[in-house]
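Remarks on the structure that follows.
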Amino acid sequence: MCGITGFTGEADKNALKIMTAAITHRGPDEDGFYMDGRVNLGMRRLSIIDVETGKQPIHNEDKTIWVIINGEIYNYVELWPELVEKGHSFYTDHSDSEVVVHLYEEFGDEFVHKLNGMFAIAIWDTRKERLLLIRDRMGVKPLFYSLIDGKLIFSSEIKSILKHPAYTKDVNHDAIYHYFTFKNIPAPLTAFSNIHSLLPGEMLSFSSNGNIQRNRYWKVNYRENYEYDEAYVTQTLFDILKDAVRLRMRSDVPFGAYLSGGVDSSSVVALMTEFSNKPVKTFALGYEDELKNKEADLYHARRVAKYYHTEHYEYIMSHQELIDDIGAIIESFDQPFSGTISTYFLSKLITKHVKVALSGDGADELFGSYLSHRTASPMYHYKKLYEKVLDGSLSDAEKKLFDPCDTGFLENLYSRTKGDEVLWRHQLYYFTDQDKEDLLSDHFKSRINGLNTLSLLEGYFKDLSAKDPLNRILEMEWNTQFPDQILAFVDFLSMAHSVEVRSPFIDYRLVEFCATIPGHMKIKNGNVKDILKRSVEPILPAGITQRPKEGFVLPIFDWMVEKLKAYCVDVLAVERQKKHNYFNSDTVVSLLNDFTSGRKNNAGQVWNLMMFQVWWEKYFG
């Protein structure tokens, strides 16, 4: 695991060192550099595989190809002998990074299909005078770039690019506009003008003549198989997940696991115990406040830890810690972000014990858990049966098709959208385009030239491969919200504390198989992730699969109503809003008045605006 950065053009050792130092938290163990007058490559290393000899940049036998990589190639053990048999010689002891060099030599750009891992890779081919940037299939590892005066600048984090002397910092207003809807900046946009995000499964080629080519080498393809037998699906899921856990336990340094006591993290811990000859280290997050909706997390985490005899640790945080660290959290992203941030606090504990932690991330997004997932099939059937809804002639079997939604929720959403999947999904976000008409000032709107988020959302739905209503939502969010928000908070907030997170559920083999599972097996009779629960239930303590979904999220909205109320009002004070003049202050004041009077259901909107305000003040204020 590392952080990578660099730029094309003449050697500039000072700039390269400054850019590389900006991401020291991604690799506190050592640095590495390569400069030849045409390209400048820098990296920070978190030593996990081949600690002694795996120093980067890595090169081939005649030093015509140089590679820096952020991430892990899990199947390097299997690839190594294959490459030796083809005549390649290795100079490291067992570096997974060196496998990349020789695979590229052997297979060219197609080498990426041989990899099972998470990675952001930069390859400098001196013979072709070409720089190749590659992001892993799912987008676990981030990679950003900017093109200025014919030179390409890139990095694992935006903060490095901001340090390059050629870059002039400016706000990307289009990106900010979409943030207020999505809670994150949608790739390939970033919050900064002329800085872009490489997409998941994307490759960028930059030639010495300044030519850039981008192509998507992988994208999930849904092909539902309605002939599947449940026994076959549960066994196949279990087998792939078990092997994915096995591969992700390859490490030359101590590792552990996140443990919330839910199905996803408990399944990973259960499988880890099968491959470990000593207790697995597990880590759970709790809170000083006795919040009823969060107490169950520690209770069940302790149950699972006891059941599997893990070496269990807990981190107990308070609301004040959130206030103290909110600036550092935003700095971890370099962009406004109002999604989940729990990983930041638990990683403070994990980094004291291990460098690597496995997690259950990705299961919700594969099998269906969130409100949008729970709404997809019920809304599809509600729309088809709407005439029978009106005349009250629904059969009991037809009413069951609306589970787990109640008819009042469906009726309200249908009345605003007529069941159109793009429109109802748009309505579930924090701020719709209509909301932003009132929220944003004329000063801000004059900079976006009639932009609207609904059109962007329509584009997301346009080329979906899934036919099933649930799978269509899962596919859309897998391509957008999952890498831009879920994987983003896992990576940035863990790497802020130099912790590498590995997620077995997003092994590409499991993802491709899940794309063939019909939606009715994923959410069945209103039970979310039903087929996954059936698959892992035999290895879990009794009752874990029946736990209601709580999620690995901080109780921010509970705190905001009382303990953080004064802080919220201060951050969004009118005089602070006026620093950028992006908001209609009357609208924000009205939101705050509703919030302070006890209207908890708009706390998410207030939090969204607060996190923007903190970001803007830190980077532009």
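The values are calculated or read from the model by the stated rules, or taken from the named source; none is laboratory data. In this text, all values refer to a predicted model and were calculated from it rather than measured experimentally. Here Cβ is always computed from backbone atoms with ideal geometry, including for glycine, and neighbour counts include all displayed protein chains.
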Hits in the stretch 23-44 (condition: crowded, with 24+ Cβ neighbours inside 10 Å and either within 25 Å of A357 (Cα to Cα) or out of contact with any strand residue (DSSP E or B) (no Cβ under 9 Å at 6 or more places or on another chain) (or both)):
I23, R26, G27, M43, R44
Of (1) closer than 25 Å to N116 by Cβ; (2) without any contact (Cβ under 8 Å) to a residue 12 or more places away in the chain; (3) among the charged types (D, E, K, R), E52 satisfies every one except (2)
Given (1) touching a residue at least 40 places away in the same chain (Cβ under 8 Å); (2) over 28 Å from L16 (Cα atoms); (3) not basic (K, R), L147 misses just (2)
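Find the residue count for the stretch 365-413, including only residues that are under 29 Å from L237 (Cβ atoms) and assigned to a helix (DSSP H, G or I).
Within the stretch 365-413, the first condition is being under 29 Å from L237 (Cβ atoms), and the residues that meet it are 365-381, 397, 400-405.
Retained after the next criterion (residues that are assigned to a helix (DSSP H, G or I)): 365-367, 371-381, 397, 400.
Residues that pass the stated criteria total 16.
Looking only at helices (runs of 4 or more DSSP H) that lie completely in the stretch 60-165, which have at least 1 residues being out of contact with any helix residue (DSSP H, G or I) (no Cβ under 9 Å at 6 or more places or on another chain)?
Details: elements: 76-85, 96-107, 158-163.
Answer list for the stretch 60-165: 76-85, 96-107.
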For the stretch 322-336, check the following and say yes or no: at least one residue is surrounded by fewer than 16 Cβ atoms within 10 Å (Cβ to Cβ) and among the acidic types (D, E).
yes
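With closer than 20 Å to V354 by Cβ, modelled with pLDDT of 95 or more and part of a helix (DSSP H, G or I) as the only criterion, which of D239, D264 stands out?
D264
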If you check S494, S446, S441, which single one turns out to be out of contact with any Leu (no Cβ under 6 Å at 6 or more places or on another chain) and buried (at least 21 other Cβ atoms within 10 Å of the Cβ)?
S494
For the stretch 419-426, indicate whether the set of residues that are assigned to a loop (DSSP other than H, G, I, E, B), closer than 30 Å to H178 by Cβ and acidic (D, E) is non-empty.
yes
What are the pairs, 6+ residues apart or on separate chains, where a residue within the stretch 429-451 that is in contact (Cβ under 8 Å) with a residue 60 or more places away in the chain has its Cβ under 6 Å from a residue that is part of a helix (DSSP H, G or I) and polar (S, T, N, Q)?
Y429/T181; Y430/Q605; Y430/N608; F431/T181; D433/T453; D438/T587; L439/T587
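When residues of the stretch 427-444 are filtered for being assigned to a loop (DSSP other than H, G, I, E, B) and more than 29 Å from Y370 (Cβ to Cβ), how many remain?
Total satisfying the criteria: 1.
Report, by residue number, each residue of the stretch 193-216 that is assigned to a loop (DSSP other than H, G, I, E, B) and touching a residue at least 12 places away in the same chain (Cβ under 8 Å). Even if it seems obvious, please write down each step before you answer.
Taking the stretch 193-216 first, the residues assigned to a loop (DSSP other than H, G, I, E, B) are 193-195, 198-201, 208-211.
Passing the criteria: S193, N194, I195, L198, L199, P200, G201, S208, G210.
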Where the second residue is outside any helix (DSSP H, G or I) and among the aromatic types (F, W, Y) and the first is on the phi < 0 side of the Ramachandran plot and modelled with pLDDT under 95 and lies in the stretch 525-553, which pairs have Cβ atoms under 8 Å and are six or more apart or on separate chains?
F552/Y258
So, in the stretch 571-588, how many residues would count as being in contact with a helix residue (DSSP H, G or I) (Cβ under 8 Å, 6 or more places away or on another chain) and farther than 23 Å from R447 by Cα?
1
Just a yes or no: is a residue in the stretch 6-23 among the basic types (K, R) and touching a Lys or Arg at 6+ places or on another chain (Cβ under 9 Å)?
no
Of all residues being over 17 Å from the mean Cα position of the chain (by Cα) and part of a helix (DSSP H, G or I) in the stretch 346-364, which is surrounded by the most Cβ atoms within 10 Å (Cβ to Cβ)? Just the residue, please.
I350
Hey, among the residues in the stretch 159-178 that are more than 12 Å from Q335 (Cα to Cα) and of a type in the set (K, R), which one's surrounded by the fewest Cβ atoms within 10 Å (Cβ to Cβ)?
K169
Among the residues of the stretch 177-192, is there at least one that is in contact with a Lys or Arg (Cβ under 8 Å, 6 or more places away or on another chain), on the phi > 0 side of the Ramachandran plot, in the same structural domain as L147 (by TED's automatic domain parsing) and not in a strand (DSSP E or B)?
no
Would you confirm, using the coordinates I've provided, whether L423 is modelled with pLDDT of 95 or more, in contact with a Ser or Thr (Cβ under 8 Å, 6 or more places away or on another chain) and surrounded by fewer than 18 Cβ atoms within 10 Å (Cβ to Cβ)?
yes
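Hey, can you tell me all the residues within the stretch 82-137 that are among the polar types (S, T, N, Q) and under 21 Å from the mean Cα position of the chain (by Cα)? Give the derivation first.
Quick first cut of the stretch 82-137, residues among the polar types (S, T, N, Q) only: 89, 92, 95, 97, 116, 126.
Scanning the stretch 82-137 gives a single hit, N116.
Scan the stretch 537-566 for residues that are in a loop (DSSP other than H, G, I, E, B), of a type in the set (D, E) and either surrounded by 15 or more Cβ atoms within 10 Å (Cβ to Cβ) or within 26 Å of the chain's Cα centre (by Cα) (or both) and jot them down. First the steps, then the outcome.
Of the stretch 537-566, the ones in a loop (DSSP other than H, G, I, E, B) are 540-543, 547-555, 562-564.
Checking which are of a type in the set (D, E) leaves us with 550, 562.
Answer for the stretch 537-566, where residues must be in a loop (DSSP other than H, G, I, E, B), of a type in the set (D, E) and either surrounded by 15 or more Cβ atoms within 10 Å (Cβ to Cβ) or within 26 Å of the chain's Cα centre (by Cα) (or both): just E550.
So which of R416, R447 ends up being part of a loop (DSSP other than H, G, I, E, B), of a type in the set (D, E, K, R), modelled with pLDDT of 95 or more and more than 23 Å from C514 (Cα to Cα)? Steps first, please.
Working: R416 fails: part of a loop (DSSP other than H, G, I, E, B).
Residue meeting the stated conditions: R447.
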Taking the stretch 567-596, which residues are within 31 Å of the chain's Cα centre (by Cα), without any contact (Cβ under 8 Å) to a residue 60 or more places away in the chain and in a helix (DSSP H, G or I)?
C568, V569, D570, V571, R576, Q577, L591, L592, F595
